[in-house]
Amino acid sequence: MKELKIQALSEIEIFQDLTQLEMEQMDRTTTMSTCEPGRVFYGPDEAGEVLFLLKSGRVQLYRLSPDGKKLVVSILEPGAIFGEMSLIGQGMHNAFAQAIEECTLCVMSRMDVEHLLVNKPQVGLRIMEVMARRLQDAESKLEDMAFKSIPSRLASLLIKLSDSNSNNGTVMGYTHQDLAEMIGTYRETTTQTLNDFKNQGWINIERKRIDILDHTSLEVLAEVA
């Protein structure tokens, strides 16, 4: 169990500069747990006291509008960290983190994170890099919502998800509702757009699975405003 935990921690990007001895110390200062789909790890303006390290499963970061409409800001894959904004004194401001499938997590306390940052500045720099990429992704999504049509946004999302999936060319594990929330529209609109793509021979649709048949046509559409 100890070896599995150390292996899991070593796969987290922010710990890549740590030695084997330091990784063993990390093993003693972190806890590992499994949680069920649907669990909310934090909500708006919570003063988080832990850093979450995602070993397996997927977590969505999302926001809610005043009228309750949900917008998924990011989908986190294994190896990601989250909760870091609270640890540096920033409120989450209407942000939620929720498991969308069964997850295995390592958790670090605020005290242990602060101790690590003082003694290993490289970890702090890697956390900043993670935060910068997440901000860049959020800005890109905001730009797409402002300037691109729904079909263009959906095509772009399908390409991104299929390229990041280990089964290249396939998007797995997402409902039409999930996809709608990720591009900021309604499920019915997303379903109709997916059916349009299917009718043109660009994709094939099964339950929680979309196979990309014409990557080039989706790429061209993704670039259209």
**Fill in**
Counting sequence-distant residues (5 or more places) and residues on other chains, those with an amide H built under 5 Å from that of G79 are L54, K55
**Fluctuation leader among G83, G169, G68 - the chain, Gaussian network, Cα springs under 10 angstrom** = G68
**Request:** Among S56, S33, S152, determine the one that fluctuates most according to a GNM of the chain built with springs between C-alpha atoms less than 10 Å apart.
**Result:** S33
**Request:** Using only the Cα atoms of segment 148-222, construct the convex hull and provide its projected area averaged over every direction, in square nanometres to one decimal.
**Result:** 4.2 nm²
**Asked** Which residue, D211, D67, D137, has the most motion in a Gaussian network model of the chain that connects Cα atoms within less than 10 Å?
**Response** D67
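Calculate for the chain the 222 nm mean residue ellipticity that helices alone would give, adding -39,500 (n - 2.57) per DSSP H run of length 4 or more and normalising by residue count, nearest 500 deg cm²/dmol. Working shown, then result.
On the way: 9 runs with 104 residues, N = 225.
Computed ellipticity for the chain at 222 nm equals -14000 deg cm²/dmol.
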**Message:** Considering all alpha-carbon pairs of the chain, what whole percent are spaced by more than 22 angstrom?
**Reply:** 55 percent
**Message:** What does the charge count around L71 come to, taking other residues whose C-beta lies under 11 Å from its C-beta (Lys +1, Arg +1, Asp -1, Glu -1)?
**Reply:** +3
**Long-range amide H partners of V73 with built H, under 5 Å** = L61, Y62, R63
**Nonlocal Lys pairs with alpha-carbon distance under 15 Å, the chain (8 or more apart, or different chains)** = 5
**Fill in**
Projecting the Cα atoms of L51, L125, I12 onto the charge dipole of the chain, where Lys and Arg contribute +1 and Asp and Glu -1 at Cβ, the residue farthest towards the positive end is L51
**Request:** Note down the magnitude of the dipole of segment 2-141 about its Cα centre, charges +1 on Lys and Arg C-beta and -1 on Asp and Glu C-beta and zero elsewhere, to the nearest 20 debye.
**Result:** 260 debye
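Taken together, the values in this text are just the output of simple stated rules run on the coordinates, not laboratory data. Predicted model, so just to flag it, every value in this text is computed and none were measured. Cβ sites come from the backbone with ideal geometry, for glycine too, and all protein chains shown count toward neighbours.
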